[in-house]
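Only the coordinates and a few stated rules stand behind these numbers; no lab work does. Here the structure is a predicted model, which means the values were calculated and not measured. Please note: Cβ atoms are built from the backbone with ideal geometry, for glycine as well, and neighbour counts cover all protein chains shown.
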Amino acid sequence: MKKLLVFFILIAFTVLAQTQVINKGNVYYLSNTVMVKVADNNIDNVLQSKVVQQIKPDKIEKVFPNQSTALYKSGNTLNNIYKLNYFSDENPFDVASKIKKIPGVVWAEPKYVKRVTYLPNDPLYTSNQQKNLERILASAAWEISKGDTNVVIAIVDTGVDWKHPDLMANIFVNRNEIANNGVDEDDGGFYPDDIYGWDFGGLNGTPDNDPIEDPSKTGYSYHGTHVAGIAGAVTNNNIGIASIGFNCRILPVKVSRSDVRDANDNPYVVYGFEGIVYAADKGAKVINCSWGGYSYSSYEQDVINYATAKGALIVAAGGNDASDQLFYPASYDGVLSVGWLNTTDDTKSFAGNYGFGIDVMSPGTMILSTWRTDAINNNLLYSIINGSSMASPLVAGLAGLVYSKFPSYTPLQIAEQIRITADNVDAQNPGYEMLLGRGRINAYRALTESGSPSVRASDVRLTEIGNGNGIYQSGETVEVSADFTNYLAAANNLNISLTTDDPWINITQGAFNVSLGTLQTVSNKFRFTIKTGSPIDHTVVFVMRFNSSGYSDFQLFSIKINIPLETHSTSKIQMSVTSKGALGFNDYSSNKEGIGFK
Ligand SMILES: [Ca+2]
Ligand SMILES: [Ca+2]
Ligand SMILES: [Ca+2]
Ligand SMILES: [Ca+2]
């Protein structure tokens, strides 16, 4: 029945629906497209619905048709996610919110696209100085580990010039694939001849097996090649640059298409999350995402969960907008998010993002790395550019080294090892205390220190004990429940507390003591009351503190209290506890907190 219906829709309309990138403020998405997840894999309800018939469906397809439903514990399968293209002019946000009401639909949302996160610099300026490597003590780290050639770091980006003389020897080679026979030997038919990675977007939307970056009109938008060189340029080969990842391998995954670019000639990241799934399925241990946007998406969080369950750590750029707004994928649960520091460990002179969504900081200013050669840029082999895009792959490359050194670690243990051994940079950044994660990564410490616990709160949920309207109001008590996991060394007599400086909050149940072994989790609750007379639409910042002998750590989140009832558009509860914590976002697609959207 399902196949017949899809076939019918396909022949009913012979012209393809045109999709283009549109934006609503700083949120970018595709026109004429919605993503839908259905329970029990039953899409027929959706197809037959009035809503879908009214938008003139073009085609509906499974995003990951080769996924088995039985593969992973129920929450992590991507088998039941569909992409629906349609002809009508209706905005994907409106269409998605209607489809979401159809019984059996888990979520429906626009197909978001993301933007690369670097700021181009003077392209002719080159230098042999790689201060970013000095700053994180890379050479001392290489004394401990130069990386394992079996550890694969995927560069999910605008492509990689994999033939570059300073990259080629480190490019992952797919030994399960027979080259140039037009047949897919290892991915169920979907990625034929993908010897050096995959190109999801090609020149104009048709995928191909060559993930080299598409030619740039200006010669100056070769983002992915630059990112790849930072994580994994060939090192100790007497040419060009060194990379932190040293011997780790690079898997190029191109997730842009040449014909969808912004005004500066930079390709948009259209297929980023499809690329993450591909990389995880190929066995990548680290997946770097030097791109992002300000749209939260259930689809994207599902993909992150899937990749993490497959054993890949996702490392992502924190953004370049001098903003504390949550940036994705960096701020998704399970992603190690990376903020951007300059050469003297400070953020104040430029535009890096900061705030609750950041886990660690990394140098991203004046970064020298590989560049795609072409006639327009006079065959430049290296270039210097700036951005959190350049900070993230330094962390991804370090993650490759940490995995090589501690091969039994889970993805989140790798993330925590890097986070907990970072150097505090508060002194260089007055006014940003606690807003730069744990501080600047230190490669040597990440490979040599193993004594510290590392505790993160997840699944943080707030429950109002009051009039039941889902809004935290003056006079009410609120219960905060969370799971606390210790990722690293055992912690004895750990004190976990909830604190705030906010004068309108009275914490009535705010601390407990527990001993937590490695990878042990405990659930617990806190309570606070909101004082009468507290202001309307007021943001409260909470700090969860974790302390035991020799270990001190924190995690932040914020909520809004006394949100005016009648304005749903401002009822978004801003919550985050860095990327390791699961928190509800009371927004359109998530609805974990508060009253949701009615
Ligand atoms: Ca293949
Ligand atoms: Ca083949
Ligand atoms: Ca290509
Ligand atoms: Ca080199």
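Can you check what the net charge comes to around Gly533, using other residues whose Cβ is under 14 Å from the Cβ of Gly533 (Lys, Arg +1; Asp, Glu -1)? That sum, taken over residues with Cβ under 14 Å, equals -1. Distance between the modelled labels on Phe554 and Thr344, one decimal in nanometres: 2.5 nm (7 Å Cα→Cβ projection). Neighbour counts of C-beta atoms inside 10 Å place Leu336, Leu203 in the sequence Leu203, Leu336, starting with the fewest. For the peptides 491-503, 354-366, 514-526, 156-168, residues were scored by their other Cβ atoms within 10 Å and the scores averaged per peptide; the highest-first order is 354-366, 156-168, 491-503, 514-526. Stokes-Einstein diffusion for the chain at 20 °C, viscosity 1.002 mPa s, with a Kirkwood radius from C-alpha pairs, works out to 87 µm²/s.
Please state the shape class of the stretch 116-448: rounded when a/c is under 1.5, otherwise prolate if a/b exceeds b/c and oblate if not, all from the C-alpha gyration tensor. Since a/c stays below 1.5, the shape of the stretch 116-448 is classed as rounded. Mean residue ellipticity, 222 nm, helices only, the chain: the sum of -39500 (n - 2.57) across DSSP H runs of n ≥ 4, divided by residue count and rounded to 500, is -5000 deg cm²/dmol.
Near Asp324, the amide H atoms lying under 5 Å from its own belong to Tyr354; only residues 5 or more places off or on other chains count, and H is placed 1.01 Å from N. Legend: ranking of residues Phe542, Phe93 from fewest to most surrounding C-beta atoms inside 10 Å; resulting order Phe93, Phe542.
Here the Karplus curve 6.51 cos²θ - 1.76 cosθ + 1.60, taken at θ = phi - 60°, turns the phi angles of the stretch 358-374 into couplings of 8, 9, 9, 10, 7, x, x, 9, 6, 9, 8, 7, 5, 9, 6, 7, 7 Hz, with x standing for Gly and Pro.
Where both bridge residues fall in the chain, DSSP classifies roughly 75% of the beta bridges as antiparallel. Let me check I've understood the local charge: for Gly355, count other residues with C-beta under 14 angstrom from its C-beta, Lys and Arg +1, Asp and Glu -1. What total comes out? Spelling it out: positives minus negatives among the neighbours equals -3. Legend: residue pairs Lys111/Lys163; Lys24/Lys98; Lys62/Lys310, Cα-Cα distance threshold 29 Å; pairs beyond threshold, Lys111/Lys163.
Phi-derived couplings, Karplus 6.51 cos²θ - 1.76 cosθ + 1.60 at θ = phi - 60°, listed residue by residue for the stretch 480-489: 10, 10, 7, 9, 10, 10, 9, 8, 10, 4 Hz, with x used for Gly and Pro. Applied to the stretch 386-401, the Karplus parametrisation 6.51 cos²θ - 1.76 cosθ + 1.60 on θ = phi - 60° returns per-residue 3J(HN,Hα) values of 10, x, 5, 4, 8, 6, 5, x, 5, 6, 4, x, 4, 4, x, 5 Hz, with x for Gly and Pro. Per-peptide packing, taken as the mean over residues of other Cβ atoms within 10 Å, places 442-453, 252-263, 313-324 in the sequence 313-324, 252-263, 442-453 from highest down. Percent of Cα-Cα pairs more than 19 Å apart in the stretch 378-492, please. I get 63 percent for the Cα pairs in the stretch 378-492 exceeding 19 Å. If you wrap the tightest convex hull around every Cα atom of the stretch 144-301 and split its volume per residue, you get 126 Å³.
Pair-distance distribution P(r) for the stretch 455-570, from all Cα-Cα distances in 5 Å bins starting at 0: 2, 11, 22, 22, 16, 12, 8, 6, 2, 0 percent.
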